[in-house]
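A short write-up of the structure that comes next.
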Amino acid sequence: MSISVRRSRRRSVKFVRLCTAEALVINRINIIVGTLCWLAQPLVVFECKAAGDFVARVTDTQGVSTANAVVSLHALNFTPPPAADAPRAFMDQRNRRFDPHVLPVRTGTLVNFPNSDEIHHSVYSFSAPKRFKLPLYKDMPAEPLMFDQSGVVTLGCNIHDWMLGYIYVTDTPYFGITDAQGTTRVDALPAGRYEVRLWHSHGETRTSQVSETVQVNDAAEVERNYRLELRAASQDMQPAPSTNSVEDKFGRWSN
Ligand SMILES: [Cu+2]
């Protein structure tokens with residue numbers, strides 16, 4: 001046998017060994033990937049498929065779209081997962097108003113109260129779920145406040161009597177607040193049965209005005225229309241006065 005033929009055969013044998021080794025590695029990777037996919041399958045199904053959406057449209061009894069209605073969905077046949085970390089939220093003070101006017105949060109949320117105005121504010125609440133008073137301040141208080149009891153927390157300012165805002169603390173992680181068109185949507189709801197509750201600061205009562213059960217199915221959208229009985233425009237929707245003597249007094253402190 002010639003030398004060139006022997007070299008050629010050795011190269012062929014090496015090539016076949018390499019191909020076999022490569023195939024084995026690829027095969028093992030396929031097995032590992034396949035096993036991981038199979039193990040992850042229940043998680044993927046839970047995260048991506050077993051969820052639906054809920055859309056609420058809210059009007060008053062005259063059919064006028066109602067903003068700032070809190071819509072919350074309370075699971076009836078499963079327990080929602082706890083929050084990994086305490087959720088954070090912000091209730092700003094801007095142009096001598098609370099912004100947003102209504103802030104819905106889940107129980108256990110840390111809320112900051114930044115002051116975006118050039119003047120001082122002193123935010124307080126006498127509501128049972130959270131009694132507090134922040135001393136006169138600008139910018140941002142050092143620490144957020146924990147809201148760990150469900151209910152309506154009415155906010156005021158010791159300097160500006162017209163300032164009125166609400167923090168709606170709810171036990172469920174599934175909630176929304178209606179926009180100017182009276183609409184809100186809560187996406188990616190785990191499939192299941194829920195009790196729907198609605199709350200509005202102009203409601204005849206300060207508790208839920210609607211209580212009905214809805215079924216949310218996988219990859220489906222549930223739509224509901226609600227009519228709320230609301231009081232006539234109340235004090236909290238009046239525009240803030242341009243200035244007053246007390247504000248002038250405290251305004252000087254801001255320099
Ligand atoms: Cu104020």
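The table for this structure:
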| item | result |
| --- | --- |
| Amide H partners (placed H, <5 Å) of Phe98, local residues excluded | Leu164 |
| Under 5 Å, built H, 5+ apart or other chain: amide partners of His121 | Tyr137 |
| Pairwise centroid distance, computed over Cα atoms, of segment 111-151 with segment 61-94, Å | 19 Å |
| Stretchable slack from Arg88 to Arg224, in nm (0.36 nm times residue separation minus alpha-carbon distance) | 46.1 nm |
| Separation in nanometres of the label points that stand 7 Å from Cα toward Cβ, at Gln181 and Ser116 | 2.3 nm |
| Volume in Å³ per residue [convex hull over Cα atoms, computed for segment 145-204] | 143 Å³ |
| Under 5 Å, built H, 5+ apart or other chain: amide partners of Gly108 | Phe147, Asp148, Gln149 |
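The numbers here are math on the coordinates, done by the rules we state, and not lab data. Since this is a predicted model, take the numbers as computed values, not measurements. Virtual Cβ from ideal backbone geometry, glycine too; neighbours counted across all protein chains shown.
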